[in-house]
Each structure stands twice: as C-alpha cells, then as structure tokens.
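A quick write-up on the structure given underneath.
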Amino acid sequence: MDPRFTLVPPVAATLVRLLGATLRLRVEGVDALVPHWRILMVPWLNARLRRTHGARAVSVLASRSRDGGLVGSYVSRFGLDVVRGSSSRGGATAFRALVTAVRAGRDVALVPDGPRGPRGQLAPGVVALAGLTGAPVVPLGFAARPANRLATWDAFLVPAPFARAALVFGAATTIARDADRECVRKVVERSLDEVTAAADRLVGA
C-alpha cells in the first residue's frame, strides 16, 4: 500500500480527537441508545458515549475497497470492530458476520445510504439485518455549526473547531421478520430525516 495511505487513518483520528475536544456538544435521546448521513465524527462520538454513558461495543461495516480499508483503519482507532464487505464485494460474508456480532450482544453501526448512495436513501441491508436478528434500529443524527460540506456525493460534513454540535438519537424501531421491507425502509428513512433535522435545529443550522 502507498505509505501515504498508511498515514491517513492515524493522522485523521488524531485530528478528529483534537477537533472533538473543542466542540460544544449536546446529546439528546441517548437513553434510547444506541449507534447517518454525517459519519466523520461518529467513531469519536461512540468512544465518548462509552465513557460517559456505558454504551456497548460496536461493530461497523466497511467495504473491501481501498477507501474501505482507510475507513476501517480509522474507526478501529476509536475502539470499533470492523467487518469488511459491501453489496458488490463480500456482501454475504459481511452480512453473516454482522448477524453474529448482533447475536453476541454487540451493537452494529451502519451508514444508512451505504458506500455509494444515493444520499438519503436507506440501503436494504439495515432492514434485512434488523428483521433477521430482531435488533432494533436506532437512528442517529449529527449536526454542527459552523461546518464545512465537502463536494462529495454524501455532502460530507466537517465541523469547524469550537463549533456547536448536537447528537440526537431517535426512537428504536423493531422490524418483524415478515414485515413489508419497503414500507419499513421508508419509516426508517423518515426517522433518520427527523433526527438529522432535530440536530440541525439544536445548533441553529
């Protein structure tokens, strides 16, 4: 691997820890716990919640691409376990690993719209995993102001130092194994939109 890429995860993790220490963070709905569309700060937030609220260990999904490798290395520096795979490469294996993680009592954090989008459209794996395991889906919304949005498909959000920040958890949704998955997918999408809007309101975005 290009040595430049081996440096990216540790440097990014260090910068995020420094940035996180400056944020004026407000957390709501954490009792409904636990781990959207704004992923940069989520590993740091989870590490903080484990210290302050006793949040459980978390497994996250990262693709088998080079970018997925960078993401996996980055989040592991915050104590998260990484499962590699995506809908296009290693999806079945990754899904089984996530099922195993849930049944072992771990929480699973998934980017709702997957690695490629479309932005704001829930990927089917979230509903499938919850329906099979009985694990509830808890939407998470994060916002910060001031912040920068990158020109990427997911409008990647980077908080400015000393920004006001908000982390909002929504109500848990339990999905029956035989539920209409398209109907449930829309319900979860609405929940994600609602917690993101709530987080935006808290910071005045």
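The values are calculated or read from the model by the stated rules, or taken from the named source; none is laboratory data. None of the values given here were measured: they were computed from a predicted structure. Using ideal geometry, Cβ is built from the backbone for each residue, glycine included, and neighbour counts are taken over all protein chains shown. Quick note on the areas: whole protein, heavy atoms, side chains included, nothing else; ligands and nucleic acids left out. Shrake-Rupley method; radii C 1.70, N 1.55, O 1.52, S 1.80 Å.
By its C-alpha gyration tensor, with a ≥ b ≥ c as the square roots of the eigenvalues, how is the range 44-161 shaped: rounded for a/c under 1.5, else prolate for a/b larger than b/c, else oblate?
Note, shape of the range 44-161 comes out oblate.
Quick one: what are the phi-derived ³J(HN,Hα) couplings along the range 9-20, Karplus 6.51/-1.76/1.60 with θ = phi - 60°, whole Hz, x for glycine and proline?
Per residue, the Karplus-derived 3J(HN,Hα) values read x, x, 5, 4, 4, 5, 5, 5, 4, 5, 5, x Hz.
Per DSSP helix of 4 or more residues, -39500 (n - 2.57); summed, then divided by the residues of the chain. What does that give at 222 nm, rounded to the nearest 500?
Only helices count here, giving -14000 deg cm²/dmol.
Apply the Karplus parameterisation 6.51 cos²θ - 1.76 cosθ + 1.60, with θ equal to phi minus 60°, to every residue of the range 139-156 and state each ³J(HN,Hα) to the nearest whole Hz, in sequence, with x for glycine and proline.
Coupling constants for the range 139-156: x, 10, x, 10, 9, 8, 8, x, 7, 10, 10, 7, 7, 10, 4, 9, 6, 3 Hz.
How many percent of the accessible area of the chain is carbon or sulfur, using a 1.4 Å probe? Could you put the intermediate results ahead of the total?
Numbers: 5780 of 10540 Å².
That fraction is 55 percent.
Given (1) -0.57, -0.68, -1.01; (2) -0.49, -0.59, -0.96; (3) -0.64, -0.75, -1.06 as candidate values of log10 I(q)/I(0) by the Debye sum over Cα atoms at q = 0.11, 0.12, 0.15 Å⁻¹, which corresponds to the one derived from the coordinates?
(2)
Starting from the Cα of PHE162, step 7 Å along the direction of its Cβ; do the same at GLU194; then give the gap between the two resulting points in nm.
Distance between label points: 3.6 nm.
Please give the charge dipole size of the range 78-183, origin at the Cα centre, charges +1 on K and R Cβ atoms and -1 on D and E Cβ atoms. Round to the nearest 20 debye. Intermediate values should be presented prior to the final figure.
Values: 12 positive and 7 negative charges, 54 e Å.
I would put it at about 260 debye.
Taking the Cα centre as origin and putting +1 on Lys and Arg beta-carbons and -1 on Asp and Glu beta-carbons, what dipole magnitude results for the chain, to the nearest 20 debye?
Values: 28 positive and 15 negative charges, 104 e Å.
Computed charge dipole of the chain: roughly 500 debye.
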